[in-house]
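A short write-up of the structure that comes next.
The values are calculated or read from the model by the stated rules, or taken from the named source; none is laboratory data. The structure displayed is predicted, hence computed values, not measured ones. Note that we place each Cβ from the backbone using ideal geometry, even for glycine, and neighbour counts take in every protein chain shown. Quick note on the areas: whole protein, heavy atoms, side chains included, nothing else; ligands and nucleic acids left out. Shrake-Rupley method; radii C 1.70, N 1.55, O 1.52, S 1.80 Å.
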Amino acid sequence: MATTSATAGTLQALGIGSGIDVNSLVTQLVTSELQPDTARISRDSTQVATQLTAVGQLKGALSTFQSAVNALNSQADFQVKAAVSSDEKKATVSAASTAAPGVYKVEVNSLAQAQQLRSNPITGDGTSSLGTGGLTLTLGSKSFTINVTDDKSSLNAIRDAINSASDNPGISATIVHSGSTSQLILSSNNTGAANEITVATDSNNAGLQSLIYDNSHTSNYTEIQGAADASVTVAGITVTSATNTVANAIDGVTINLLAETDENTPIKLTISNDTSTVLNRVQTFVNSYNTLQGVISQLGSYDSASQKAGPLLGDALLTGISTQLRRTLSNPVAGVNGSVNTLAGLGITTSKDGSLSLDTTKFNKAVSANFNTVSAIFGGAGGVASSLSTYVDNQLASGSGIDSRNKTLATRQKQITTQQAAIAARQAQLATRYTAQFTAMDKALAQMQQTSSYLTQQFNTLAKISSGNSG
């Protein structure tokens, strides 16, 4: 009897029967069983995410570098010109890359003018009717007609109709009121001798006919300012222009006329190679490459102290890009003759860490000695910038190594998501199975406990009966 009581006590102490924590036990068993697969998938997911981020950083750095390269991608981009006027109150100047360096004497003989006319005084404040009919205005070779009706026949209404006409080629109208009279002012918006104003009418009304202006009716208006072309003398040759912007009187040069020059006192226009802008562009190129190189170095780095490796250490994609970039920077440029045909000859050298440095003194000396050769090294066919631009374009294009790597990683990411879903499903299945098993066991043990308690009671009862009979 004592043995039975001791067994029941042990069962209760272990918490078996109705006291078992089935959920906690199931959770621990499921976690333990799936831990190897869960850990592997977690490692794979982290690795893929890290790789995607690294490839994205590489692609972004290449895109930034591409912008700096494209600024020197052709000889025209490289061969920028500086243009300076000796008197910017008289004229300013700009030059395209095609302009030839040189110094030119320029005399501004006269500026282009837009015609302006003032009509004879018309009695009243501009509200009286001038009659009805069509009024046709012409500027140069372009005409438009306004319809003067009874309700819009005043000078004020005619002014408004001129200004609001959708086909008006560039005539502005206003009215000057003086005492008991009003005068119509017609102004051309376009300079040049060809842009003269004429006014005609199909009306017999004296009011509208007083607004006519042509060779036969000049007395109807006073010409405040005549239509005139600009006149400028460049290197002893006189050139005219309908506007005050004179383009290509000198190849590739645009002169903006501001005021007439004093007689026999020409201004000087100096066109030269813009070495300052070129130097800035090259420095930007060097800085941008160094930024790219910094990203490449970080992605492929290894820190022996912390034993931490970059996400693309030893990766063929990163190594291939880095190698090709360095090769392009160091190779001589085909077709460039002379002793200087590399970036190193221009003062652009590669340091031990892969970064570039620019010796501005050496670079400026090379530019001064042979500007065209320098531009050919960068922007000529097969030049450094054009070669780099083509290579980087290819690396960023669809189907490139970077694109293929991204697609491979994206596919792997989808596979991991599928595996995670499978693990979750398996986890649910195991939890259901174990819960059922332990619940059944718990019920069985509970029944055994009840039976044990019953038997213990029966044995105790028999013991009491036996003891009573003995007495």
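Could you pull out the residue among A334, A309 that is without any contact (Cβ under 8 Å) to a residue 60 or more places away in the chain, in contact with a Phe, Trp or Tyr (Cβ under 6 Å, 6 or more places away or on another chain) and of a type in the set (A, V, I, L, M, F, W, C)?
Unique residue meeting the criteria: A309.
So how many residues does region 255-273 have that are open to solvent by 40 Å² or more (accessible area, probe 1.4 Å), modelled with pLDDT of 95 or more and either in a strand (DSSP E or B) or of a type in the set (V, I, T) (or both)?
3
Would you mention how many residues in region 359-398 are under 16 Å from N73 (Cβ atoms) and aromatic (F, W, Y)?
Result for region 359-398: 2.
Against the conditions (1) in a helix (DSSP H, G or I); (2) of a type in the set (G, A, S); (3) under 23 Å from D393 (Cβ atoms), where does S276 fall short? Just the number, please.
(3)
Find all pairs meeting these conditions: Cβ atoms under 8 angstrom apart; at least six residues apart or on different chains; first residue within region 162-181 and in contact (Cβ under 8 Å) with a residue 12 or more places away in the chain; second residue surrounded by fewer than 12 Cβ atoms within 10 Å (Cβ to Cβ) and in a strand (DSSP E or B).
The qualifying pairs are S180/T123; T181/T123.
Condition check: surrounded by 13 or more Cβ atoms within 10 Å (Cβ to Cβ), assigned to a helix (DSSP H, G or I) and either without any contact (Cβ under 8 Å) to a residue 40 or more places away in the chain or of a type outside the set (K, R) (or both). Does S387 satisfy that?
Answer is yes for this residue.
Could you say whether any residue in region 48-66 is at pLDDT below 80, closer than 16 Å to F285 by Cα and touching an Asp or Glu at 6+ places or on another chain (Cβ under 9 Å)?
There is no residue in region 48-66 that is at pLDDT below 80, closer than 16 Å to F285 by Cα and touching an Asp or Glu at 6+ places or on another chain (Cβ under 9 Å).
Could you go through region 295-307 and let me know if any residue there is part of a strand (DSSP E or B) and open to solvent by 40 Å² or more (accessible area, probe 1.4 Å).
Checked region 295-307: at least one residue is part of a strand (DSSP E or B) and open to solvent by 40 Å² or more (accessible area, probe 1.4 Å).
Count, please, the residues in region 327-346 that happen to be in a helix (DSSP H, G or I) and open to solvent by 30 Å² or more (accessible area, probe 1.4 Å).
Qualifying residue count for the region: 3.
For region 1-30, how many residues are open to solvent by 80 Å² or more (accessible area, probe 1.4 Å) and at pLDDT 50 or above?
Total satisfying the criteria: 5.
Name the single residue that is farthest from R118 (Cα to Cα) among those in region 128-144 being open to solvent by 50 Å² or more (accessible area, probe 1.4 Å), within 47 Å of the chain's Cα centre (by Cα) and among the polar types (S, T, N, Q).
Selected residue: S141.
For A83, work out the one condition from (1) open to solvent by 40 Å² or more (accessible area, probe 1.4 Å); (2) touching a strand residue (DSSP E or B) at 6+ places or on another chain (Cβ under 9 Å) it doesn't fulfil.
(1)
Take the residues in region 399-454 that are of a type in the set (F, W, Y) and touching a residue at least 60 places away in the same chain (Cβ under 8 Å), then tell me which one is farthest from L312 (Cα to Cα).
In this case the residue turns out to be F438.
Condition test on S398, is it in a helix (DSSP H, G or I) and either among the aliphatic types (A, V, I, L, M) or within 24 Å of I296 (Cβ to Cβ) (or both)?
Judged against the criteria, S398 is not a match.
Please specify each residue of region 25-46 satisfying the condition of being under 26 Å from G310 (Cα atoms) and either in contact with a Phe, Trp or Tyr (Cβ under 9 Å, 6 or more places away or on another chain) or hydroxyl-bearing (S, T, Y) (or both).
T38, S42, S45, T46, listed by residue number.
Name the residue that is least open to solvent (accessible area, probe 1.4 Å), counting only residues in region 31-73 that are more than 30 Å from S375 (Cα to Cα) and of a type in the set (S, T, Y).
S45
Out of T360, T291, T349, report the one residue that is open to solvent by 40 Å² or more (accessible area, probe 1.4 Å) and either free of Cβ contacts under 8 Å to residues at least 24 places away in the same chain or on the phi > 0 side of the Ramachandran plot (or both).
T349
Mind listing whichever residues of region 440-456 are of a type in the set (V, I, T) and in contact with a helix residue (DSSP H, G or I) (Cβ under 6 Å, 6 or more places away or on another chain)?
T456
Just one of the numbered conditions (1) assigned to a loop (DSSP other than H, G, I, E, B); (2) closer than 26 Å to Q47 by Cα; (3) of a type in the set (S, T, Y) is not true of T319; which one?
Unmet condition: (1).
Conditions (1) closer than 25 Å to Q28 by Cβ; (2) touching a Cys at 6+ places or on another chain (Cβ under 7 Å); (3) modelled with pLDDT of 75 or more, marked per residue:
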site	(1), (2), (3)
A446	yes, no, no
S453	no, no, yes
Q457	no, no, yes
N460	no, no, yes
S467	no, no, no
S470	no, no, no
